[in-house]
Amino acid sequence: MISENVEAEVDVKNLCFSYVKGDENTLSNITLSAEKGKFTVIMGHTGAGKTTLLMCLNGIIPQLLNGSLTGDISVSGLNALQYRVQTLSKSVGLVLQDAETQILGRTVSEDVAFGPRNYLVPREEILERINEALSRVRLNGYESRSTDNLSGGEKQRLAIAGVLAMKPKILVLDEPTSELDPLGRDEIYTTIENLSKESEITIIAVEHASQDILQRADHLIVLSQGAVSWRGNPRDFFKSSALVEENGIKPIPVGIVGNRLCERGLIPPERIPLSVDEAFDTVTDLLSGRQIIMTSEAPSVRPKETQSNLVSIKNLGHVYENGKTALHEVNLDVREGDFLALIGQNGAGKTTLAKHFNSLLKPTQGSVHVCGINVGESEPEELASHIGYVFQNPDHQIFSQSVWKEVAFGLKNIGLPENEMRSRIERVLNFTHLWNLRDEHPFSLGKGERQMIAVASILALEPKILVVDEPTTGLDWRGIRRIMDLIKTLHDNGTTIIMITHDMDLVAHYATRTVVMRHGAVLLDGETRDVLADTEKLRDAYVTPPQIVDFSLRLKPFGLNRIILDEKELGDIIANSVQEESHNV
Amino acid sequence: MFEEKNSATYLHALHVVSKLVVFIAVMVVIFTFSNPMYILAMGLLLFALILPARLPLAGVFTLIKSLLPVFVIIIVMSCFTSQPDRFQTGIGQHVFFTLFRDGRFPATVGGLLIGVTFLIRIVVMVLTTLVFTMTTPIDDIIDFMNLIHAPYELSIVISTAITFIPAMTNKKNLIFQAQRARGTKLKGKGMFGQLMAFTPIMIPLIINSILLAENLSISMLNRGYGASRAMTSMRDRKMTKSDYIVCCGAALVSAVSIYGRIRYKAGVL
């Protein structure tokens, strides 16, 4: 575990850093150390200084990104302030968030070889390292493949392989799985855990996904406003709902159930479960052979069959120019009022399908109709007022000098009169809580706010359907809740939502209908709780159900006759059952 | 495994030196002649050689199409800013009309042709550079830089630039899609309108390219680029018979062009 001892592989003392133009310290008096072979996770809200801290460890800061740095950093016995990045990189392998910009070769093997070649590793050894690194990230067999043709998830795994091939003593990862599907995330973290145990590599990772790291990390450091706000065993942190909330970190779903039981005085805080197995044991003890008393089933939340189809897809197929078949025989209707989640592993065809909704891609087979318009014969600009599409990266669309102008842009495109335009902008800026920022330059704002601007500029067009592609990537828990609450309000107000996501907890909490894609086809389509309960088919699609569904299924023998998607509701059902039985006794 | 990709097309299979010789020959030809017909002939010959390789070049033509208004401005400017006495041939000196009655700003045939020459040169250069970067692994270029003992800084600049191309192309596509999805019309009225219509593309593209360049340089340092002045060579590529034939052909074309230009004033306006 992390301690401030002399055996540390990474030793940071009193580190303060501010970017050249920054008025305040991005990092304030950070002191930490990590022992050889241990796995440390750094968490914290957006802008807490996590990435800055990681870049200080291999000298990128302050050598490439200038600023004022004080304090001491020692990595693998080297003073990080005295050695070149290239020297430090031999010991400290840094994998950054954006996989796209870390790929430096035309083919997979060229890319993996890039690092070792710089250190003049003999050719035969490089070839061995390529095989080993690619096997570690499940990319073996991809050696000759062009890096241009890899999916987002494959690129992310390649970025890790490129660093693993350099055989670093310390592996530093900045949200290494942000674009991966649940199974992909699990594989990467299993790999990382094995590296830490088998090869004694010291791991330091920044991560937002609490569940992925909880059982694996030896130590947790929470940053807030550039300073360490908490450090210790991750389990201690996640058992305290107050700490988790205060630091803006995503809670563990079964931990929420446990906290509910704790609040009701049924279990002590130290017994709050953090895994499905622990939760199952806790509930088994509490029920002591009694059955769960179920409340009546909640009415179906899906729109009725009689509601009109806004999107109608018939036998849709799409073959890319390079000959790759991305979709085949897709049949799907999206009804007015649906909150539909499109899920599936990386490369399953989710985004390809969604891009047909607004004609960014044309069908190579079959047809797509949106609000009665044949998409194959229309252009995106003609469909913009019917269907809005919010992309993952807001920086691909923002270009205006103020938030107001950015939101106004789309409205000018559709030729709205000035009065109507003003009233729509005012309405949407108030709705998205951006009114006070209306005169700010979008690029002077944080990622969460820029994502909100991107959503606002689409909402101003008042589309009937809103497609959101991974709307929460790169956002912290507070940012995720903010954007998802906004989308939910839109849905409540009548907008049909189509959401592409890998976050199964979001699917469970927000989507009323879920479509699972596999190999370019629809594998499952139905009410969210039914789809998420079909674990066998989900496994076929390489999708892991959310923890709360897993737990619900485990409680079936106790009389839980339906899947509960809300953690607090499940906590209350269990607590009521226990207290009711105790009362009767 | 490193050899497999190089046999993808006959262009991939050529040695980097052969490709550089062809590249230089193309540049010699297009800058030796000022008559657009000669340069067009060179461009067509090049295109005929590239075509069987079936490289994905559709994007280049889309890009060129979108820049047509700029090209028209260049031709018009060239037409009015080239005086008749600048040309050696009668056709080049021929004046269509003058902008003012006193004879100022004559619109010359030579000026018009110079403008066209300039444009064809741009297209040929873009095409040649693109084909070179598409068919040459970055390793080959770095190996070549090592071979000629090029300065380390120059190697960094060239390899970053080449790495930048596919990443930037991907960004450009995403930006286009994001803007079109919110109803951006990429066609404006008139030449100025056309240029203005591209603002929503150009600004995110510039901002993203700056970020991309910074991220790429961080990534290269992360992977130890520049740790030593050389890199492990991953293959022993030698010049083949085909390479020698290509080099001789390119040298011959260059020599004939220069001779024809000097001896017979071929391709002069």
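The values are calculated or read from the model by the stated rules, or taken from the named source; none is laboratory data. All figures in this text were calculated on a predicted structure; none of them were measured in a lab. Quick reminder, even Gly has a Cβ in these numbers, built from the backbone with ideal geometry, and neighbours come from all protein chains shown.
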Is there a residue being modelled with pLDDT under 95, farther than 26 Å from A:Leu214 by Cβ and either among the hydrophobic types (A, V, I, L, M, F, W, C) or within 22 Å of the chain's Cα centre (by Cα) (or both) anywhere in region A:528-540? yes
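Condition first: in a helix (DSSP H, G or I) and at the interface with another protein chain (Cβ under 8 Å from one of its Cβ atoms). Can you find one or more residues in region A:149-160 that meet it?
Step one: list which residues in region A:149-160 are in a helix (DSSP H, G or I), which gives A:149, A:152-160.
Next cut, at the interface with another protein chain (Cβ under 8 Å from one of its Cβ atoms) only: none.
Scanning region A:149-160 turns up no residue that is in a helix (DSSP H, G or I) and at the interface with another protein chain (Cβ under 8 Å from one of its Cβ atoms).
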From the list A:Val222, A:Val163, pick out the single residue that is buried (at least 24 other Cβ atoms within 10 Å of the Cβ), closer than 30 Å to A:Arg145 by Cβ and either within 14 Å of chain B (Cβ to nearest Cβ) or in contact (Cβ under 8 Å) with a residue 40 or more places away in the chain (or both). A:Val163
Sort out which residues of region A:52-64 are away from every other protein chain (no Cβ under 11 Å) and surrounded by fewer than 18 Cβ atoms within 10 Å (Cβ to Cβ), and write them in order of number. A:Pro62
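From B:Ile165, B:Ile158, which residue is more than 10 Å from chain A (Cβ to nearest Cβ), surrounded by 14 or more Cβ atoms within 10 Å (Cβ to Cβ) and of a type outside the set (Ser, Thr, Tyr)?
Working: B:Ile165 fails: surrounded by 14 or more Cβ atoms within 10 Å (Cβ to Cβ).
Selected residue: B:Ile158, the only one of B:Ile165, B:Ile158 that is more than 10 Å from chain A (Cβ to nearest Cβ), surrounded by 14 or more Cβ atoms within 10 Å (Cβ to Cβ) and of a type outside the set (Ser, Thr, Tyr).
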With closer than 29 Å to A:Val330 by Cα, free of Cβ contacts under 8 Å to residues at least 60 places away in the same chain and in contact with a strand residue (DSSP E or B) (Cβ under 6 Å, 6 or more places away or on another chain) as the only criterion, which of A:Thr512, A:Thr528, A:Thr535, A:Thr495 stands out? A:Thr495
Pick from region A:498-514 the residues that are surrounded by fewer than 23 Cβ atoms within 10 Å (Cβ to Cβ) and among the hydrophobic types (A, V, I, L, M, F, W, C): which of them is farthest from A:Val244 (Cα to Cα)? A:Ile500
Counting only residues in region A:372-414 that are more than 13 Å from chain B (Cβ to nearest Cβ) and in a helix (DSSP H, G or I), the one surrounded by the fewest Cβ atoms within 10 Å (Cβ to Cβ) is identified as A:Glu377
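Could you please find all residues in region A:92-106 being out of contact with any Phe, Trp or Tyr (no Cβ under 8 Å at 6 or more places or on another chain), closer than 26 Å to B:His12 by Cβ and facing another protein chain (nearest Cβ under 7 Å)?
First pass over region A:92-106, keeping only residues out of contact with any Phe, Trp or Tyr (no Cβ under 8 Å at 6 or more places or on another chain): A:92-103, A:106.
Cutting the leftovers down to closer than 26 Å to B:His12 by Cβ gives us A:99-103, A:106.
Answer for region A:92-106, where residues must be out of contact with any Phe, Trp or Tyr (no Cβ under 8 Å at 6 or more places or on another chain), closer than 26 Å to B:His12 by Cβ and facing another protein chain (nearest Cβ under 7 Å): A:Glu100, A:Thr101, A:Gln102, A:Arg106.
Of everything in region A:80-101 that's part of a helix (DSSP H, G or I) and at pLDDT 90 or above, which residue is surrounded by the fewest Cβ atoms within 10 Å (Cβ to Cβ)?
Checked region A:80-101; the qualifying residue surrounded by the fewest Cβ atoms within 10 Å (Cβ to Cβ) is A:Thr87.
When only residues in region A:107-127 that are more than 8 Å from every other protein chain (Cβ to nearest Cβ) and surrounded by fewer than 24 Cβ atoms within 10 Å (Cβ to Cβ) count, which is nearest to the chain's Cα centre (by Cα)?
So the first thing to find is which residues in region A:107-127 are more than 8 Å from every other protein chain (Cβ to nearest Cβ), and the list is A:108, A:111-112, A:124-125.
Those left that are additionally surrounded by fewer than 24 Cβ atoms within 10 Å (Cβ to Cβ): A:124-125.
Working: A:Glu124: 38, A:Glu125: 36 Å.
Within region A:107-127, the match that is nearest to the chain's Cα centre (by Cα) is A:Glu125.
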What are the residues in region A:421-451 that are under 24 Å from A:Glu470 (Cα atoms), touching a residue at least 12 places away in the same chain (Cβ under 8 Å) and not aliphatic (A, V, I, L, M), if any? A:Phe431, A:Thr432, A:His433, A:Pro442, A:Phe443, A:Gly446, A:Lys447, A:Gly448, A:Glu449, A:Arg450, A:Gln451
Residue in region A:65-77 that is without any contact (Cβ under 8 Å) to a residue 60 or more places away in the chain and within 11 Å of chain B (Cβ to nearest Cβ) present: yes
With the requirement that a residue be modelled with pLDDT under 90 and either surrounded by 16 or more Cβ atoms within 10 Å (Cβ to Cβ) or assigned to a strand (DSSP E or B) (or both), what does region A:10-25 give you? A:Tyr19, A:Asn25
Return yes when A:His369 is in a helix (DSSP H, G or I) and within 21 Å of A:Leu327 (Cβ to Cβ) and no when it is not. no
Among helices (runs of 4 or more DSSP H) lying entirely in region B:172-269, which contain 1 or more residues that are modelled with pLDDT under 85? B:190-197, B:199-222
